[in-house]
Amino acid sequence: MSVIKVTADNFEDEVVKSNGTVVADFNADWCGPCRMLAPVLEDFAEEHKNVKVVSINIDEEDELAEEYDVSSIPCLVFFKDGVEFDRSVGFRQKEDIEELVGE
Amino acid sequence: MYDIIIVGAGISGMTAAIYGRRASKSVLVLEGASYGGQIVNTASVENYPAAPNISGFDLATEIYNQAKALGAEFKFEKVLEVKDLDTEKSVVTKKNTYSGKTVILATGSENRKLGLENENTLIGTGISYCATCDGAFYKNKTVAVVGGGNTALEDALYLSDIAEKVYIIHRRDTFRGEESTVEILRQKENVVFVYNSVVKKLNAQKRLESIEIENTADGHTETVNINGLFVAVGRIPVNSAFSGLVELDGSGYVAASENCRTNVPGIFAAGDNRTKEIRQLVTAAADGAVAATQAVNFINNYRYFS
Ligand SMILES: Cc1cc2nc3c(=O)[nH]c(=O)nc-3n(C[C@H](O)[C@H](O)[C@H](O)COP(=O)(O)OP(=O)(O)OC[C@H]3O[C@@H](n4cnc5c(N)ncnc54)[C@H](O)[C@@H]3O)c2cc1C
């Protein structure tokens, strides 16, 4: 699966009501480390079909960023059955993400 | 065995890779995070020759692609140790050990931390080292900047246009940074100067809620409610893994002069991690060129390799 772009309109369906593990990547175009992380997440999503990876642009979705209390990006928020269980801030390598989701 | 193993894919390390490959040497670059190093956080670089306005990400990506196209090999593994064996160097990562004829240490610098309990866990939930990266999240909030240099002053100025209130906490009563910036800050109604003070404690539930400030003159402490703390107390070299390998200066920089040679033959240092006056992209790139050329000469002249 590839990374799915998510907005306030479908966040509820794609993340909160989603069963299993979801990695939500809060990012922005002007953020260098976010751009570094994007291909890593694409790779991760390709290799782990059982994990859903979604991308949220914080400039377009500032209310979601606020709701999830994001105050530094890139910020990865990890959900299990719609409930946040962990988060990480800054660039991460694929192995780090695998470790965080417990794959 | 590689001819040249480069530790760090910042601007200095990647430039060294370009020079090493153009001299037909085999080159391995080992990077613990992403390529590009510290400049990746900067949205706009305006002093790199031939690139009047470029983002740090784009600049780094250009150099990365250039080095790769020339045949440099990149592996994303953090180096834990470098050993100087009789005739070769051994470079140890979590997963592998690589051997090389020469090693270039290009590990750069990182933000100095305050060294407070909770500081690391609060990064991204109230603690930041980059005002231009994270400032936008503190619209109409209360923030504090710690530090007394130009970075701290400029951070405070940047934040004063976003946040409702900005404290500047400085351990002395005069700033090291530009007086003109201090003057501009004094005119700002939402900026509060806190002199002779240090941050002693970070109070947090889910995120940072307040800080305890101690006045160094009278020992009085005070708790101030803030949403974000921006730390701007300088940068430190990333050399601790090499303290037993090469000579470091009193501040922890590799003691290597403009020729980029360390006290160990065949080991070189390039970029921000080396003792020098000006730490900028062009000087990092220049170091990469010098260090790689020194490495090439070392390989070509060292009787064991020829
Ligand atoms: C906010 C900011 C703005 C700046 N703006 C400018 C500007 O506009 N113009 C300018 O010229 N300069 C600017 N600079 C300075 C410039 O960024 C640095 O001088 C330059 O990037 C240094 O490059 P470097 O390759 O020596 O080190 P770095 O960029 O620090 O790269 C070192 C690399 O080594 C890696 N590394 C470290 N340890 C290990 C290890 N053990 N194993 C593997 N890899 C490791 C790191 O992950 C990093 O990628 C700025 C700096 C900052 C902080």
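Before moving on, here are some points about what is shown:
- Simple spin-label estimate for residue B:241 and residue B:164 in nanometres, 7 Å along Cα-Cβ: 4.4
- Contact order relative to length of chain A, as percent, for alpha carbon pairs under 8 angstrom and 6 or more apart: 37
- P(r) of segment B:201-292 over all Cα-Cα pairs, binned every 5 Å from zero, in whole percent: 3, 12, 17, 14, 10, 6, 9, 12, 10, 6, 1
- A cysteine counts as unpartnered when no other cysteine's C-beta lies under 4.7 Å of its own; in chain B this applies to B:260.
- Between residue B:192 and residue B:172, the simple label model (points 7 Å from Cα in the Cβ direction) yields a spacing of 2.5 nm.
- Accessible area expressed per residue, segment B:120-231, with surrounding protein chains retained (probe 1.4 Å, Å²): 50
- Prolate/oblate/rounded call for chain B, Cα gyration tensor, a/c under 1.5 rounded: prolate
- Cα-based Lys pair tally, segment B:77-129, threshold under 18 Å, eight or more apart or on separate chains: 7
- Relative contact order (%) - segment B:120-231, alpha-carbon pairs under 8 angstrom, separation at least six: 32
- Percent carbon-and-sulfur accessible area, segment B:120-231, ignoring ligands, DNA and RNA, probe 1.4 Å: 43
- Listed residue pairs exceeding 20 Å between alpha carbons, taken from A:49/B:68; A:49/A:94; B:165/B:206: A:49/B:68; B:165/B:206
- Against chain B, whose longest principal axis is taken from its Cα atoms, helix B:11-22 shows a tilt of about 10°.
- Under the combined filter of DSSP loop state and at most 11 neighbouring Cβ atoms within 10 Å, segment B:180-211 retains these GluC sites (Glu not before Pro): B:189.
- Chain B against chain A buries an accessible area of about 1600 Å², both chains summed, 1.4 Å probe radius.
- Spacing of the two label points (7 Å from each Cα toward its C-beta) at residue B:179 and residue A:29, in nm: 4.4
- Sorted largest first, the principal axis extents computed over the alpha-carbon atoms of segment B:120-231 equal 38, 34, 23 Å.
- Annotation: aspartates and glutamates with alpha-carbon distance below 12 angstrom to residue B:25 (same-chain offsets under eight excluded): B:3, B:73.
- Tensor-based shape of the protein assembly as shown (alpha-carbon gyration tensor, a/c under 1.5 rounded, otherwise prolate or oblate): oblate
- Enclosed volume per residue, in Å³, of the convex hull spanned by Cα atoms of segment B:81-156: 169
- Share of alpha-carbon pairs per 10 Å distance bin for segment B:1-122, given as whole %: 13, 38, 31, 15, 3
- Taking only the alpha carbons of segment B:182-234, we obtain Rg and Dmax values of 12.6, 36 Å in that order.
- Taking only the C-alpha atoms of segment A:4-101, the Rg (one decimal) and the largest Cα-Cα distance, Dmax (whole number), read 12.0, 32 Å.
- For chain B, the relative contact order works out to 20 percent when only alpha carbon pairs closer than 8 Å and six or more residues apart are counted.
The values are calculated or read from the model by the stated rules, or taken from the named source; none is laboratory data. Predicted model, so just to flag it, every value in this text is computed and none were measured. So basically every Cβ, Gly included, is an ideal-geometry build from the backbone, and we count neighbours across all protein chains shown. Remember, those area values only see protein heavy atoms, side chains included, never the ligands or the DNA or RNA. Shrake-Rupley method; radii C 1.70, N 1.55, O 1.52, S 1.80 Å.
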